[in-house]
1. Please give the net charge around His94, taking every other residue with its beta carbon less than 9 angstrom from that of His94, where Lys and Arg add +1 and Asp and Glu add -1.
2. Place a point 7 Å from the Cα of Lys283 along the Cα-to-Cβ direction; which residues of the range 79-123 have their backbone N under 18 Å from it?
3. Sort 475-484, 1-10, 392-401 for me by packing, meaning the mean count of neighbouring Cβ atoms within 10 Å per residue, highest on top.
4. Starting at the first residue of the range 285-297, write each ³J(HN,Hα) from the Karplus equation 6.51 cos²θ - 1.76 cosθ + 1.60 with θ = phi - 60°, in whole Hz, x for Gly and Pro.
5. Counting only heavy atoms of the protein chains, get the accessible area per residue of the range 177-221 (1.4 Å probe) and round it to a whole Å² value.
6. Would you grab the residues whose amide H sits under 5 Å from the one on Ser389? Only those 5+ places off in sequence or on another chain, please, with H modelled 1.01 Å from N.
7. With each label point set 7 Å from Cα along the Cα-Cβ vector, what nm distance links Ser449 and Lys170?
8. Quick one: how many Å² of Thr92 are accessible to a 1.4 Å probe, rounded to 10?
Amino acid sequence: MRVDLISVFWHNLEGEKHNEPILACSFDPSSSSSSYKRLATAGGDKTIKIWDVLEIVDKVEEEEEEEKEDEREAKVGEEQTQSRVEYKETITRHAAVVNCVKFSPDGAALASCGDRGEAFVFEKTTTTRKEGEEKKTETTNNAQMMVVSGNRTESDAKQQGEEEAPSLFKCKCALRGGTADALDLTWSADSQLVAVSYIDWRTIIYDVANGGVPLIAFEGKKGKCALGASSGNGHTSFVQGVTFDALSKWIVSVSADRTMCAWSSKKVAMKAKKGESPIATKKVWTTSSFKYSSCAKSAKSSIDSSNQGNENNDACSSMLFHDDTLPSFFRRPSFSPCGSFLVVPSGILKEKVSEHGGAKKSESTDCAHVFSRDDLTQPKASLPSLKPSTCVAFSPKVFKLRGVKNDDESVASTNPFRGLKHRCIFCVCTIDGAMVYDTEVASPVAVISNAHYAAVTCATWSADGRTLVLSSKDGFCSFVRFDEGEFGEEVEMPKLPAETEVVEEGNKENATINGTAAAKKPDQATVDALFANNKSSTEDTNKGVAQTGRRITPVAMM
């Protein structure tokens, strides 16, 4: 693993010599080339910038004789891979700060949202570089390599007098439905829907495939139900994070009101009308495709796993998430790429610690909560951190199990991902760093700290799962590069059974989705396809008490 901080003017106002905060970043999932990856960043300068991230292989040359042998960073003649960025384009459609930017899962579009409720969807133009085309770099010709793949910014291109290249993106539609500041957004797995969260307590679902028409708004107790959502089931404060399930079954939002709300989602199969060909039957997203399901707010069980077997354990109800004093505007959750579990940041653990004299004192610890896809009401486990967590990002790749065995049964039981048929890699970002987790082990496999002077705002993985980018309010991005094979053998994403769709008789407004029942009675076929010897999830749901007590203690990586 190698960490690089590329010092360029990522987002700076014209004439200024300092960077504005970078609030979001996203890799293009369609740029899967080994040496070329497309990256989008959004920041406080009201723009979206497109970059090419280039992986250059350099050979270490002979070092000066006076340098000590043990201080060398690499052996002479050894090849090193370095990340370099090249500026491509600036998108200036926004009139205010851009808070989030994300590529669609198919890589064909780019969505963004920001202050004043602005939200747009941009589609690629025909001038975009074709997938798989790589830039030609010559490692033996250093001069040519610096010209082609050196760190180049927008100002560098202007100073060199280069002609303005054709635009790589054009605006497809504006998402008009919210007027308050928009903090986060997410795409559906089929790249047809975009969900945007706002500070006026709402989350709005837009149909990008039909011109960005708003389908439904999830509103709080004071909602007006303008788009058909039932009032009283949503949040009562800023909605700071939202994510779609990888299997398109759930939509989850996290708010400053210390709650996490889940809505069930499912496409509706439109039955052919009389006189129409059966081929006309298709599955579409409608207003009736969504229904409020559950809310995670507090845990009524002890957090400390060491007290689970103690009958005298004082189980208390405690809040699961930070309040509005969290030093971050974002709480960005994420589902695993296989859809088996959800990780939510900004969590807290409250424990009763015994003091001298027998008295007990309540102490809280920052963490990220892990929820199973078949129970989104109580966390299955928690991942502690030294500082509050702000966002979660999963690698798009899954890997073969390595067969790691723990001699201590109690240690093995603390892994919330036990039974998973494959391994997932994900990153939990905190205020001052990030932790990389492997689902086969209970502790983080890597800890990145002291890389930035300000809070980490977002994280994104490249399509090949080998590059992790962290953006920060200090105006810089850090690149975490993993060697090929460092995570083990890559495997295909597990094939899941198709879910039963609701059929409408040619009417989009009369479909019913039993979301509450879906939350209480999970799709067992999906669970069985993801987990081996799965026993705890359904049993815990039937008992009404989730096994939330398992605490995972991270190990400091030196």
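1. Details: positive: Lys46, Arg93, Arg116; negative: Asp115, Glu118.
Residues near His94 contribute +1 overall.
2. 105-106
3. So the order, starting with the most tightly packed, is 392-401, 475-484, 1-10.
4. In residue order, the calculated couplings are 8, 10, 4, 7, 6, 10, 8, 4, 10, 7, 9, 9, 10 Hz.
5. 27
6. Ser346, Gly347, Cys367
7. For the pair Ser449/Lys170, the computed spacing is 5.1 nm.
8. Here the accessible area works out near 100 Å².
The values are calculated or read from the model by the stated rules, or taken from the named source; none is laboratory data. A quick note: this is a predicted structure, and the numbers were derived from the prediction, not measured. Ideal geometry is used to build each Cβ from the backbone, glycine not excepted, and the neighbour counts take in all protein chains shown. Remember, those area values only see protein heavy atoms, side chains included, never the ligands or the DNA or RNA. Shrake-Rupley method; radii C 1.70, N 1.55, O 1.52, S 1.80 Å.
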